[in-house]
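Only one structure is covered here, and it is reproduced in the block below.
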Amino acid sequence: MVRCTFYGAVRTVTGSMHLVEAGGARLLLDCGLFQGPRAQAAEINGRFPFPPSTLDAVLLSHAHLDHCGNLPTLVSAGFRGPIYCTPATQDLAALVMHDSAKIQQQDAHSVNKRLRQGERPVQPLYTTADVDRAIGRLTGVAYGTPVQVGTARITFANAGHILGSAITVVEADGRVLGFTGDLGRSNTLLLRPPATPPALDVLITESTYGDRTHEPYDTAVPRLGDAVRQTVARGGVVMIPAFAVDRTQDITYALYHLGAAGLAAAVPAFVDSPMAVSATQIYRRHPESLNDALRAELERHDDPFGSTTIRYIREIEESKTLNSRTDPFIVIATSGMCESGRILNHLSRHIGDPRAALLIVSFQAANTLGRRLADGVSPVHILGETYDVRLEVKALPAFSGHADGSEVLAWVRKIPRVGHVYCVHGEEAQSLALAQRLAAAGYAVDVPTRGQTVEV
(Lines give C-alpha, C1' and ligand atoms only; values in the text may rest on other atoms or scores of the structure.)
Protein backbone atom coordinates (compact mmCIF):
# COMPACT_ATOMS: atom_id res chain seq x y z
CA MET A 1 0.00 0.00 0.00
CA VAL A 2 1.21 3.51 -0.91
CA ARG A 3 0.00 6.32 1.34
CA CYS A 4 0.18 10.01 0.46
CA THR A 5 -0.60 12.98 2.72
CA PHE A 6 -0.95 16.43 1.14
CA TYR A 7 0.62 19.12 3.32
CA GLY A 8 1.52 22.06 1.08
CA ALA A 9 0.48 23.83 -2.12
CA VAL A 10 -3.01 22.41 -1.63
CA ARG A 11 -5.69 24.76 -2.97
CA THR A 12 -2.93 27.36 -3.13
CA VAL A 13 0.29 27.74 -5.12
CA THR A 14 3.01 28.02 -2.50
CA GLY A 15 4.73 25.73 -0.02
CA SER A 16 4.76 22.51 -2.09
CA MET A 17 5.09 19.53 0.28
CA HIS A 18 3.58 16.01 0.24
CA LEU A 19 4.50 12.98 2.36
CA VAL A 20 4.63 9.59 0.61
CA GLU A 21 4.93 6.38 2.61
CA ALA A 22 5.90 3.48 0.35
CA GLY A 23 8.25 0.52 0.32
CA GLY A 24 9.04 0.92 4.01
CA ALA A 25 10.24 4.49 3.40
CA ARG A 26 8.95 7.94 4.32
CA LEU A 27 9.57 10.24 1.38
CA LEU A 28 8.87 13.98 1.20
CA LEU A 29 7.97 15.37 -2.22
CA ASP A 30 9.38 18.92 -2.12
CA CYS A 31 9.76 21.20 0.89
CA GLY A 32 8.76 24.61 -0.40
CA LEU A 33 8.44 27.94 1.32
CA PHE A 34 4.89 29.10 1.92
CA GLN A 35 4.60 32.73 0.82
CA GLY A 36 1.78 34.84 2.24
CA PRO A 37 0.94 37.20 5.12
CA ARG A 38 3.88 37.37 7.54
CA ALA A 39 2.19 35.77 10.57
CA GLN A 40 0.63 32.95 8.55
CA ALA A 41 3.87 32.25 6.69
CA ALA A 42 5.86 32.13 9.94
CA GLU A 43 3.41 29.63 11.44
CA ILE A 44 3.30 27.31 8.40
CA ASN A 45 7.01 27.46 7.56
CA GLY A 46 8.25 27.20 11.13
CA ARG A 47 6.38 24.03 12.13
CA PHE A 48 6.18 20.70 10.34
CA PRO A 49 3.12 18.44 10.70
CA PHE A 50 5.44 15.43 11.14
CA PRO A 51 8.80 14.85 12.86
CA PRO A 52 11.46 15.69 10.23
CA SER A 53 13.79 13.11 11.81
CA THR A 54 11.43 10.31 10.70
CA LEU A 55 11.88 11.07 6.99
CA ASP A 56 14.16 8.82 4.96
CA ALA A 57 14.63 11.16 1.99
CA VAL A 58 13.37 14.29 0.24
CA LEU A 59 12.61 14.13 -3.49
CA LEU A 60 13.00 17.67 -4.83
CA SER A 61 11.25 18.42 -8.12
CA HIS A 62 13.00 21.71 -8.92
CA ALA A 63 14.68 24.80 -7.53
CA HIS A 64 11.91 27.38 -7.31
CA LEU A 65 11.52 28.81 -3.81
CA ASP A 66 8.00 27.45 -3.33
CA HIS A 67 9.40 23.94 -3.85
CA CYS A 68 12.86 24.03 -2.21
CA GLY A 69 12.79 27.10 0.03
CA ASN A 70 12.02 25.46 3.38
CA LEU A 71 14.68 22.74 3.20
CA PRO A 72 17.00 24.64 5.59
CA THR A 73 14.24 24.66 8.22
CA LEU A 74 13.65 20.93 7.69
CA VAL A 75 17.33 20.14 8.23
CA SER A 76 17.53 22.40 11.28
CA ALA A 77 14.49 20.57 12.70
CA GLY A 78 16.23 17.19 12.55
CA PHE A 79 16.11 15.79 9.01
CA ARG A 80 19.28 13.81 8.34
CA GLY A 81 18.60 11.99 5.06
CA PRO A 82 19.54 12.73 1.45
CA ILE A 83 17.74 15.32 -0.68
CA TYR A 84 17.59 13.76 -4.15
CA CYS A 85 17.29 16.07 -7.17
CA THR A 86 18.82 16.50 -10.62
CA PRO A 87 22.35 17.98 -10.85
CA ALA A 88 21.03 21.24 -12.32
CA THR A 89 18.51 21.55 -9.48
CA GLN A 90 21.35 20.88 -7.03
CA ASP A 91 23.21 23.94 -8.34
CA LEU A 92 20.17 26.18 -8.65
CA ALA A 93 18.65 25.25 -5.28
CA ALA A 94 21.86 26.28 -3.51
CA LEU A 95 21.64 29.67 -5.21
CA VAL A 96 17.92 30.11 -4.46
CA MET A 97 18.18 29.14 -0.78
CA HIS A 98 21.14 31.44 -0.14
CA ASP A 99 19.24 34.30 -1.74
CA SER A 100 16.22 33.49 0.42
CA ALA A 101 18.29 33.61 3.61
CA LYS A 102 19.73 36.97 2.57
CA ILE A 103 16.28 38.44 1.87
CA GLN A 104 14.92 37.13 5.18
CA GLN A 105 17.76 38.79 7.08
CA GLN A 106 17.17 42.07 5.24
CA ASP A 107 13.42 41.92 5.85
CA ALA A 108 13.88 41.15 9.55
CA HIS A 109 16.29 44.07 9.89
CA SER A 110 13.84 46.39 8.14
CA VAL A 111 10.90 45.31 10.31
CA ASN A 112 12.90 45.50 13.53
CA LYS A 113 13.90 49.11 12.81
CA ARG A 114 10.21 50.05 12.98
CA LEU A 115 9.32 48.13 16.16
CA ARG A 116 7.66 49.97 19.01
CA GLN A 117 9.00 49.63 22.53
CA GLY A 118 8.11 46.25 24.01
CA GLU A 119 7.47 44.51 20.66
CA ARG A 120 9.39 41.29 20.07
CA PRO A 121 12.07 41.45 17.35
CA VAL A 122 11.45 39.45 14.18
CA GLN A 123 13.90 36.63 13.43
CA PRO A 124 14.66 35.24 9.96
CA LEU A 125 13.31 31.75 9.38
CA TYR A 126 16.85 30.52 8.70
CA THR A 127 20.40 31.73 8.23
CA THR A 128 23.11 31.14 5.63
CA ALA A 129 24.61 28.54 7.97
CA ASP A 130 21.30 26.66 7.91
CA VAL A 131 21.32 26.85 4.13
CA ASP A 132 24.83 25.40 3.96
CA ARG A 133 23.71 22.42 6.05
CA ALA A 134 20.81 21.81 3.67
CA ILE A 135 23.07 22.12 0.63
CA GLY A 136 25.29 19.43 2.14
CA ARG A 137 22.37 16.99 1.85
CA LEU A 138 21.61 17.69 -1.83
CA THR A 139 22.41 14.62 -3.94
CA GLY A 140 22.37 14.96 -7.71
CA VAL A 141 20.73 12.17 -9.72
CA ALA A 142 20.57 12.27 -13.53
CA TYR A 143 17.33 11.89 -15.43
CA GLY A 144 16.44 8.22 -15.85
CA THR A 145 18.88 6.96 -13.21
CA PRO A 146 16.98 5.11 -10.45
CA VAL A 147 17.76 5.40 -6.74
CA GLN A 148 16.54 3.06 -4.01
CA VAL A 149 15.12 4.10 -0.64
CA GLY A 150 13.88 1.10 1.32
CA THR A 151 12.26 -0.98 -1.39
CA ALA A 152 10.97 2.14 -3.19
CA ARG A 153 12.51 2.89 -6.59
CA ILE A 154 12.68 6.57 -7.53
CA THR A 155 13.34 7.98 -11.01
CA PHE A 156 13.40 11.53 -12.34
CA ALA A 157 12.22 12.54 -15.83
CA ASN A 158 12.37 15.94 -17.50
CA ALA A 159 9.43 18.20 -16.53
CA GLY A 160 10.26 21.03 -18.95
CA HIS A 161 9.43 23.79 -16.44
CA ILE A 162 12.85 25.22 -15.52
CA LEU A 163 16.39 23.96 -15.86
CA GLY A 164 16.65 20.61 -14.04
CA SER A 165 12.94 20.36 -13.23
CA ALA A 166 11.79 16.78 -12.79
CA ILE A 167 8.72 14.60 -12.85
CA THR A 168 9.21 12.22 -9.92
CA VAL A 169 8.17 8.58 -10.30
CA VAL A 170 8.02 6.37 -7.19
CA GLU A 171 7.57 2.59 -7.65
CA ALA A 172 6.86 0.53 -4.52
CA ASP A 173 4.59 -2.21 -3.21
CA GLY A 174 3.31 -2.95 -6.69
CA ARG A 175 2.15 0.64 -7.17
CA VAL A 176 3.49 3.55 -9.23
CA LEU A 177 3.09 7.19 -8.18
CA GLY A 178 3.95 10.18 -10.34
CA PHE A 179 4.42 13.80 -9.23
CA THR A 180 4.72 16.57 -11.81
CA GLY A 181 6.27 19.19 -9.54
CA ASP A 182 5.61 22.08 -11.92
CA LEU A 183 4.89 20.95 -15.47
CA GLY A 184 6.30 22.89 -18.40
CA ARG A 185 4.97 23.53 -21.86
CA SER A 186 5.70 21.65 -25.04
CA ASN A 187 7.38 24.35 -27.12
CA THR A 188 9.41 26.84 -25.10
CA LEU A 189 12.42 28.94 -26.02
CA LEU A 190 14.92 27.10 -23.85
CA LEU A 191 13.82 23.68 -22.65
CA ARG A 192 12.94 20.23 -23.91
CA PRO A 193 9.23 19.34 -23.60
CA PRO A 194 8.00 17.33 -20.60
CA ALA A 195 8.66 13.60 -20.73
CA THR A 196 5.86 11.04 -20.58
CA PRO A 197 5.97 8.80 -17.49
CA PRO A 198 4.98 5.12 -17.42
CA ALA A 199 1.53 3.88 -16.41
CA LEU A 200 0.61 5.39 -13.03
CA ASP A 201 -1.68 4.29 -10.23
CA VAL A 202 -1.54 7.83 -8.78
CA LEU A 203 -0.72 11.13 -10.44
CA ILE A 204 -0.21 14.27 -8.37
CA THR A 205 -0.30 17.17 -10.80
CA GLU A 206 0.09 20.91 -10.58
CA SER A 207 -2.91 23.02 -11.64
CA THR A 208 -1.56 26.58 -11.59
CA TYR A 209 -3.43 27.55 -14.77
CA GLY A 210 -6.12 24.88 -14.64
CA ASP A 211 -8.89 27.21 -15.79
CA ARG A 212 -6.97 29.05 -18.49
CA THR A 213 -5.57 28.63 -21.98
CA HIS A 214 -2.32 30.42 -22.73
CA GLU A 215 -1.57 32.22 -25.93
CA PRO A 216 0.62 30.08 -28.20
CA TYR A 217 4.24 30.25 -27.12
CA ASP A 218 5.34 31.42 -30.56
CA THR A 219 3.47 34.71 -29.95
CA ALA A 220 5.58 35.49 -26.86
CA VAL A 221 8.65 36.94 -28.56
CA PRO A 222 6.81 39.10 -31.13
CA ARG A 223 4.55 40.55 -28.41
CA LEU A 224 7.62 41.35 -26.29
CA GLY A 225 9.18 43.15 -29.25
CA ASP A 226 5.99 45.13 -29.85
CA ALA A 227 5.72 46.15 -26.18
CA VAL A 228 9.34 47.33 -26.08
CA ARG A 229 9.04 49.33 -29.31
CA GLN A 230 5.81 51.04 -28.19
CA THR A 231 7.26 52.03 -24.82
CA VAL A 232 10.54 53.28 -26.23
CA ALA A 233 8.70 55.27 -28.91
CA ARG A 234 6.99 57.35 -26.22
CA GLY A 235 10.25 57.79 -24.30
CA GLY A 236 9.52 55.37 -21.46
CA VAL A 237 11.46 52.82 -19.44
CA VAL A 238 10.55 49.12 -19.82
CA MET A 239 10.56 47.22 -16.51
CA ILE A 240 10.28 43.43 -16.50
CA PRO A 241 9.96 41.71 -13.11
CA ALA A 242 11.26 38.20 -13.69
CA PHE A 243 12.21 35.20 -11.62
CA ALA A 244 15.98 34.86 -11.62
CA VAL A 245 15.68 31.23 -12.69
CA ASP A 246 14.26 30.55 -16.15
CA ARG A 247 12.12 33.62 -16.83
CA THR A 248 15.14 35.94 -16.89
CA GLN A 249 16.88 33.56 -19.29
CA ASP A 250 13.72 33.41 -21.45
CA ILE A 251 13.61 37.19 -21.70
CA THR A 252 17.32 37.74 -22.34
CA TYR A 253 17.26 35.00 -25.00
CA ALA A 254 14.26 36.68 -26.65
CA LEU A 255 15.76 40.18 -26.49
CA TYR A 256 19.06 38.95 -27.91
CA HIS A 257 17.36 37.34 -30.89
CA LEU A 258 14.99 40.28 -31.43
CA GLY A 259 18.00 42.58 -31.49
CA ALA A 260 19.94 40.32 -33.84
CA ALA A 261 16.96 40.32 -36.22
CA GLY A 262 16.53 44.10 -35.98
CA LEU A 263 13.10 43.67 -34.39
CA ALA A 264 13.77 45.37 -31.04
CA ALA A 265 14.38 49.02 -30.30
CA ALA A 266 18.09 49.78 -30.03
CA VAL A 267 18.14 50.85 -26.38
CA PRO A 268 20.33 49.79 -23.45
CA ALA A 269 19.17 46.66 -21.62
CA PHE A 270 20.14 45.53 -18.12
CA VAL A 271 19.70 42.41 -16.00
CA ASP A 272 19.72 43.92 -12.51
CA SER A 273 19.98 40.86 -10.27
CA PRO A 274 23.07 39.17 -8.84
CA MET A 275 21.10 35.95 -8.53
CA ALA A 276 20.03 36.04 -12.18
CA VAL A 277 23.64 36.57 -13.24
CA SER A 278 24.66 33.42 -11.36
CA ALA A 279 21.64 31.45 -12.58
CA THR A 280 22.48 32.25 -16.21
CA GLN A 281 25.97 30.84 -15.67
CA ILE A 282 24.38 27.63 -14.33
CA TYR A 283 22.21 27.35 -17.47
CA ARG A 284 25.35 27.34 -19.53
CA ARG A 285 26.77 24.44 -17.46
CA HIS A 286 23.73 22.15 -17.75
CA PRO A 287 22.69 21.42 -21.34
CA GLU A 288 20.80 18.23 -20.36
CA SER A 289 17.46 20.06 -20.00
CA LEU A 290 17.91 22.42 -22.93
CA ASN A 291 16.28 22.01 -26.32
CA ASP A 292 18.29 21.15 -29.41
CA ALA A 293 18.35 24.68 -30.82
CA LEU A 294 19.76 26.26 -27.65
CA ARG A 295 22.27 23.45 -27.14
CA ALA A 296 23.53 23.99 -30.68
CA GLU A 297 23.97 27.71 -30.02
CA LEU A 298 25.95 27.02 -26.86
CA GLU A 299 28.11 24.44 -28.65
CA ARG A 300 28.89 27.06 -31.32
CA HIS A 301 29.86 29.47 -28.50
CA ASP A 302 27.11 31.85 -29.57
CA ASP A 303 25.67 34.39 -27.15
CA PRO A 304 22.06 33.21 -26.59
CA PHE A 305 21.61 35.12 -23.31
CA GLY A 306 22.98 38.37 -24.67
CA SER A 307 26.04 38.70 -22.46
CA THR A 308 27.70 41.01 -25.01
CA THR A 309 24.63 43.16 -25.72
CA ILE A 310 22.86 43.16 -22.33
CA ARG A 311 24.63 44.46 -19.23
CA TYR A 312 24.43 42.09 -16.27
CA ILE A 313 24.59 43.94 -12.94
CA ARG A 314 25.71 42.48 -9.63
CA GLU A 315 26.73 45.47 -7.53
CA ILE A 316 24.09 47.62 -5.85
CA GLU A 317 25.95 50.84 -6.60
CA GLU A 318 25.80 50.14 -10.33
CA SER A 319 22.11 49.31 -9.94
CA LYS A 320 21.50 52.71 -8.32
CA THR A 321 22.99 54.52 -11.31
CA LEU A 322 20.03 53.35 -13.41
CA ASN A 323 17.76 55.64 -11.40
CA SER A 324 19.60 58.69 -12.70
CA ARG A 325 19.07 57.79 -16.38
CA THR A 326 16.59 59.90 -18.33
CA ASP A 327 16.74 57.97 -21.61
CA PRO A 328 14.60 54.90 -22.43
CA PHE A 329 16.06 51.55 -21.40
CA ILE A 330 15.00 48.01 -20.50
CA VAL A 331 15.59 46.57 -17.05
CA ILE A 332 14.92 42.98 -16.00
CA ALA A 333 15.00 42.59 -12.23
CA THR A 334 13.82 40.31 -9.46
CA SER A 335 11.56 39.48 -7.81
CA GLY A 336 9.16 38.05 -10.36
CA MET A 337 6.09 38.96 -8.25
CA CYS A 338 7.43 42.42 -7.25
CA GLU A 339 7.56 41.39 -3.60
CA SER A 340 11.23 42.14 -2.93
CA GLY A 341 14.50 42.86 -4.65
CA ARG A 342 15.66 45.55 -7.02
CA ILE A 343 12.48 45.71 -9.12
CA LEU A 344 10.95 47.67 -6.22
CA ASN A 345 13.53 50.44 -6.59
CA HIS A 346 12.81 50.75 -10.30
CA LEU A 347 9.06 50.70 -9.75
CA SER A 348 9.20 53.42 -7.11
CA ARG A 349 11.18 55.56 -9.55
CA HIS A 350 8.93 55.08 -12.63
CA ILE A 351 5.47 53.97 -11.46
CA GLY A 352 4.10 57.49 -11.80
CA ASP A 353 5.40 57.95 -15.36
CA PRO A 354 2.70 57.25 -18.00
CA ARG A 355 5.42 56.74 -20.61
CA ALA A 356 6.87 53.76 -18.71
CA ALA A 357 5.68 50.15 -18.91
CA LEU A 358 5.69 47.19 -16.56
CA LEU A 359 5.63 43.91 -18.50
CA ILE A 360 4.19 40.99 -16.50
CA VAL A 361 5.77 37.79 -17.81
CA SER A 362 5.32 35.44 -14.82
CA PHE A 363 2.56 34.03 -12.64
CA GLN A 364 1.47 36.52 -9.95
CA ALA A 365 0.21 34.87 -6.77
CA ALA A 366 -2.65 36.33 -4.75
CA ASN A 367 -1.73 39.04 -2.23
CA THR A 368 1.47 40.05 -4.05
CA LEU A 369 2.31 43.50 -5.39
CA GLY A 370 2.65 42.02 -8.87
CA ARG A 371 -0.88 40.63 -8.68
CA ARG A 372 -2.27 43.98 -7.50
CA LEU A 373 -0.57 45.79 -10.37
CA ALA A 374 -1.76 43.18 -12.87
CA ASP A 375 -5.31 43.61 -11.53
CA GLY A 376 -5.19 47.38 -12.02
CA VAL A 377 -5.07 48.37 -8.34
CA SER A 378 -4.05 51.96 -7.57
CA PRO A 379 -2.62 53.33 -5.38
CA VAL A 380 -0.13 50.70 -4.19
CA HIS A 381 2.46 50.57 -1.42
CA ILE A 382 6.15 50.15 -2.29
CA LEU A 383 8.90 50.15 0.34
CA GLY A 384 6.63 51.83 2.86
CA GLU A 385 5.45 54.61 0.51
CA THR A 386 2.15 55.04 -1.36
CA TYR A 387 2.16 55.54 -5.14
CA ASP A 388 -0.50 56.21 -7.76
CA VAL A 389 -0.07 53.84 -10.70
CA ARG A 390 0.27 55.83 -13.92
CA LEU A 391 2.58 53.60 -15.95
CA GLU A 392 1.23 51.02 -18.42
CA VAL A 393 0.92 47.49 -17.05
CA LYS A 394 0.89 44.87 -19.78
CA ALA A 395 0.64 41.09 -19.29
CA LEU A 396 2.50 38.77 -21.66
CA PRO A 397 1.09 35.39 -20.52
CA ALA A 398 2.54 33.49 -23.47
CA PHE A 399 5.88 33.47 -21.60
CA SER A 400 4.41 31.29 -18.85
CA GLY A 401 6.55 28.32 -17.85
CA HIS A 402 3.50 26.42 -16.53
CA ALA A 403 1.33 24.22 -18.73
CA ASP A 404 -2.23 25.54 -18.96
CA GLY A 405 -5.34 23.40 -18.43
CA SER A 406 -5.44 22.13 -22.01
CA GLU A 407 -1.72 21.37 -22.03
CA VAL A 408 -1.91 19.42 -18.75
CA LEU A 409 -4.83 17.39 -20.11
CA ALA A 410 -2.98 16.68 -23.36
CA TRP A 411 0.08 15.54 -21.38
CA VAL A 412 -1.99 13.28 -19.09
CA ARG A 413 -3.58 11.66 -22.14
CA LYS A 414 -0.12 10.53 -23.31
CA ILE A 415 0.40 8.46 -20.13
CA PRO A 416 -0.49 4.80 -20.86
CA ARG A 417 -2.74 4.53 -17.80
CA VAL A 418 -3.64 6.79 -14.88
CA GLY A 419 -5.54 5.31 -11.95
CA HIS A 420 -6.34 8.46 -9.95
CA VAL A 421 -5.36 12.11 -10.32
CA TYR A 422 -4.94 14.63 -7.49
CA CYS A 423 -4.77 18.31 -8.45
CA VAL A 424 -2.48 20.45 -6.29
CA HIS A 425 -0.38 23.62 -6.67
CA GLY A 426 -3.16 25.90 -7.83
CA GLU A 427 -5.49 28.41 -6.30
CA GLU A 428 -8.71 26.62 -5.43
CA ALA A 429 -10.62 27.77 -8.52
CA GLN A 430 -7.81 26.63 -10.83
CA SER A 431 -7.46 23.21 -9.16
CA LEU A 432 -11.21 22.61 -9.30
CA ALA A 433 -11.35 23.71 -12.94
CA LEU A 434 -8.60 21.31 -13.96
CA ALA A 435 -10.29 18.52 -11.99
CA GLN A 436 -13.49 19.15 -13.92
CA ARG A 437 -11.66 18.96 -17.24
CA LEU A 438 -9.95 15.72 -16.27
CA ALA A 439 -13.21 14.22 -15.01
CA ALA A 440 -14.95 15.14 -18.26
CA ALA A 441 -12.16 13.27 -20.08
CA GLY A 442 -12.91 10.14 -18.02
CA TYR A 443 -10.28 10.32 -15.28
CA ALA A 444 -10.92 9.68 -11.58
CA VAL A 445 -9.82 12.94 -9.98
CA ASP A 446 -9.92 14.85 -6.69
CA VAL A 447 -8.70 18.14 -5.27
CA PRO A 448 -7.30 17.29 -1.82
CA THR A 449 -7.38 19.46 1.27
CA ARG A 450 -4.42 20.24 3.51
CA GLY A 451 -3.62 17.24 5.71
CA GLN A 452 -5.75 14.78 3.72
CA THR A 453 -4.33 11.24 3.40
CA VAL A 454 -5.09 8.84 0.54
CA GLU A 455 -4.10 5.20 0.13
CA VAL A 456 -3.61 3.23 -3.05
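The values are calculated or read from the model by the stated rules, or taken from the named source; none is laboratory data. This structure is a prediction, so every number in the text was calculated from the model and none was measured. Here the Cβ is made from the backbone with ideal geometry for all residues, glycine too, and neighbour counts use every protein chain on show. Surface areas here come from the heavy atoms of the whole protein model, side chains and all, with no ligands, DNA or RNA. Shrake-Rupley method; radii C 1.70, N 1.55, O 1.52, S 1.80 Å.
Points worth noting:
- Set of lysines with alpha-carbon distance to Lys320 below 24 Å, sequence-local pairs under 8 removed: Lys102, Lys113
- Residue-averaged 222 nm ellipticity for the chain, from DSSP H runs of 4+ at -39500 (n - 2.57), nearest 500: -9500 deg cm²/dmol
- Whole-Hz couplings from phi, Karplus 6.51/-1.76/1.60, listed for region 4-20; x for Gly and Pro: 10, 10, 8, 10, x, 6, 10, 6, 7, 10, 10, x, 3, 5, 9, 9, 10
- Neighbourhood net charge (15 Å Cβ-Cβ; Lys/Arg +1, Asp/Glu -1) for Gly225: -1
- Scaled radius of gyration (Cα, divided by 2.2 N^0.38 Å) that region 1-87 gives: 1.02
- In this view, the solvent-accessible surface of Asp446, computed with a 1.4 Å probe and all protein chains in place, comes to about 70 Å².
- Overall shape of region 148-275 was characterised from the C-alpha gyration tensor. The equivalent ellipsoid obtained from it has semi-axes of 39, 15, 12 Å, in decreasing order.
- Based on protein heavy atoms only, region 161-317 ends up with 36 Å² per residue of surface accessible to a 1.4 Å probe.
- Here region 104-145 and region 276-348 have alpha carbon centers that stand 24 Å from each other.
- Gyration tensor verdict on region 1-46 (Cα atoms; rounded if a/c is under 1.5, prolate if a/b is larger than b/c, oblate otherwise): prolate
- Across the chain, Cα-Cα pairs more than 40 Å apart make up 16 percent of the total.
- Distance in nm between pseudo-label sites at Val111 and Thr151 (7 Å out along the Cβ direction from Cα): 4.7 nm
- Principal axis dimensions, largest first and in whole angstrom, of region 209-278 by Cα: 38, 28, 22
- Protection proxy ranking, peptides 352-361, 432-441, 55-64, average beta carbon neighbours within 10 Å, highest first: 55-64, 352-361, 432-441
- Rounded to the nearest 5, the antiparallel percentage of DSSP beta bridges internal to the chain is 45%.
- Charge tally around Ala435: other residues with Cβ under 12 Å, Lys/Arg +1 each, Asp/Glu -1 each, net -1.
- If both residues of a DSSP beta bridge must be in region 185-338, then about 10% of such bridges are antiparallel.
- Kirkwood Rh in Å, taken over region 343-421 so that all alpha-carbon pairs contribute: 14.9 Å
- D_trans [Stokes-Einstein, Kirkwood Rh over alpha-carbon pairs] for region 285-375, 10 °C, 1.306 mPa s, µm² s⁻¹: 101 µm²/s
- log10 of Debye I(q)/I(0), alpha-carbon scatterers only, for region 128-213 at 0.13, 0.14, 0.20, 0.26 Å⁻¹: -0.52, -0.59, -1.01, -1.25
- Percentage, to the nearest whole number, of Cα pairs in region 152-197 over 15 Å apart: 40 percent
- Computed from label points 7 Å out along Cα-Cβ, the spacing between Ala296 and Arg229 is 2.6 nm.
- For region 10-146, projected area of the alpha-carbon convex hull averaged over all directions, nm²: 8.9 nm²
- Counted over region 1-102, the DSSP beta bridges are approximately 65% antiparallel.
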